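**Q** Let me begin by handing over the structure; questions about it come next.
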Amino acid sequence: MSDLRIRAAGERDIDRVLAFWRDAAEGTSVSDDRDGVGRLLARDPEALLLAERDGQLVGTVIAGWDGWRCSLYRLAVLPSQRRQGVSRALLAAAEERFAELGGRRGDAMVLDENEQAHRAWEAAGYAPQPQWSRWVKTLTL
């Protein structure tokens, strides 16, 4: 993975990230727009991590820290780049970030039906926590 570069996204990356998620991520979110990603970067400029190879965006993860919890979202890898260590490198960078901030546990949002993602998360040492369920309410449309 020496040719893989992990870095924090900047505002100039927003459109590229949104296009990437349409191709590489499973599902969409009410926050998947320029304003949503812009607010993320304004609130936590180091949260959105990008994996690049030869200048091409090949993976992302949001490693959000609110001072209490470490939250992982939008782990996505370009289909042609899967099973090449991209998600492992992104998660290692996210975990390093969390450790530096004092985080103690990473919580990941993973779609129930995304079996391929389950294997990637399990390989990274994550496991479902059956005693918890995610409860959501959309605040805006």
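**Q** Looking at region 24-47 only, could you name the residues that are touching a helix residue (DSSP H, G or I) at 6+ places or on another chain (Cβ under 8 Å), exposed (fewer than 12 other Cβ atoms within 10 Å of the Cβ) and touching a residue at least 40 places away in the same chain (Cβ under 8 Å)? Show your work before the answer.
**A** In the first step, residues of region 24-47 are kept if they are touching a helix residue (DSSP H, G or I) at 6+ places or on another chain (Cβ under 8 Å); the result is 24, 26, 28-34, 37-38, 41, 46-47.
Among the residues that remain, those that are also exposed (fewer than 12 other Cβ atoms within 10 Å of the Cβ) are: 28, 30.
Scanning region 24-47 gives a single hit, Val30.
**Q** Okay, moving on. If only one of Ala89, Ala99, Ala120 is more than 20 Å from Leu40 (Cβ to Cβ), of a type in the set (A, V, I, L, M, F, W, C), in a helix (DSSP H, G or I) and in contact with a Ser or Thr (Cβ under 9 Å, 6 or more places away or on another chain), which one is it? Give the steps one after another, and end with the answer.
**A** Details: Ala89 fails: in contact with a Ser or Thr (Cβ under 9 Å, 6 or more places away or on another chain); Ala99 fails: in contact with a Ser or Thr (Cβ under 9 Å, 6 or more places away or on another chain).
Testing whether each residue is more than 20 Å from Leu40 (Cβ to Cβ), of a type in the set (A, V, I, L, M, F, W, C), in a helix (DSSP H, G or I) and in contact with a Ser or Thr (Cβ under 9 Å, 6 or more places away or on another chain) leaves just Ala120.
**Q** Considering only residues that are under 13 Å from the mean Cα position of the chain (by Cα), of a type in the set (D, E, K, R) and closer than 12 Å to Ala120 by Cβ, which ones fall in region 56-103?
**A** Of everything in region 56-103, just one residue is under 13 Å from the mean Cα position of the chain (by Cα), of a type in the set (D, E, K, R) and closer than 12 Å to Ala120 by Cβ, namely Arg88.
**Q** Any idea which of (1) buried (at least 16 other Cβ atoms within 10 Å of the Cβ); (2) out of contact with any Phe, Trp or Tyr (no Cβ under 6 Å at 6 or more places or on another chain) is the one Ile62 doesn't satisfy?
**A** (2)
**Q** So the check is Cβ under 7 Å with 6+ separation or different chains; which pairs have a first residue in region 119-139 that's under 22 Å from Ala94 (Cα atoms) and a second one that's of a type in the set (D, E, K, R)?
**A** Ala124/Arg88
**Q** Separate question: How many residues are part of a helix (DSSP H, G or I), touching a residue at least 40 places away in the same chain (Cβ under 8 Å) and of a type in the set (Ser, Thr, Tyr) if we restrict to region 48-86? Working first, answer last.
**A** Initial filter on region 48-86 (part of a helix (DSSP H, G or I)): 79-81, 86.
Okay, now just the ones that are also touching a residue at least 40 places away in the same chain (Cβ under 8 Å), so 79, 86.
Now narrow it down to the ones that are of a type in the set (Ser, Thr, Tyr): none.
Within region 48-86, residues that are part of a helix (DSSP H, G or I), touching a residue at least 40 places away in the same chain (Cβ under 8 Å) and of a type in the set (Ser, Thr, Tyr) number 0.
**Q** Let me ask something else. Kindly evaluate Arg104 against the criterion of being among the charged types (D, E, K, R) and open to solvent by less than 50 Å² (accessible area, probe 1.4 Å).
**A** Values: among the charged types (D, E, K, R): yes; open to solvent by less than 50 Å² (accessible area, probe 1.4 Å): no.
Here the answer is no, as Arg104 does not meet what is asked.
**Q** Here's another thing I want to ask about it. Among (1) touching a residue at least 24 places away in the same chain (Cβ under 8 Å); (2) open to solvent by 70 Å² or more (accessible area, probe 1.4 Å), there is one condition Leu90 misses while meeting the rest; what is its number?
**A** (2)
The values are calculated or read from the model by the stated rules, or taken from the named source; none is laboratory data. This structure is a prediction, so every number in the text was calculated from the model and none was measured. Glycine also receives a Cβ, built like all others from the backbone with ideal geometry; neighbour counts cover every protein chain displayed. Calculation scope for accessible area: heavy atoms of the full protein, side chains included, ligands and nucleic acids excluded. Shrake-Rupley method; radii C 1.70, N 1.55, O 1.52, S 1.80 Å.
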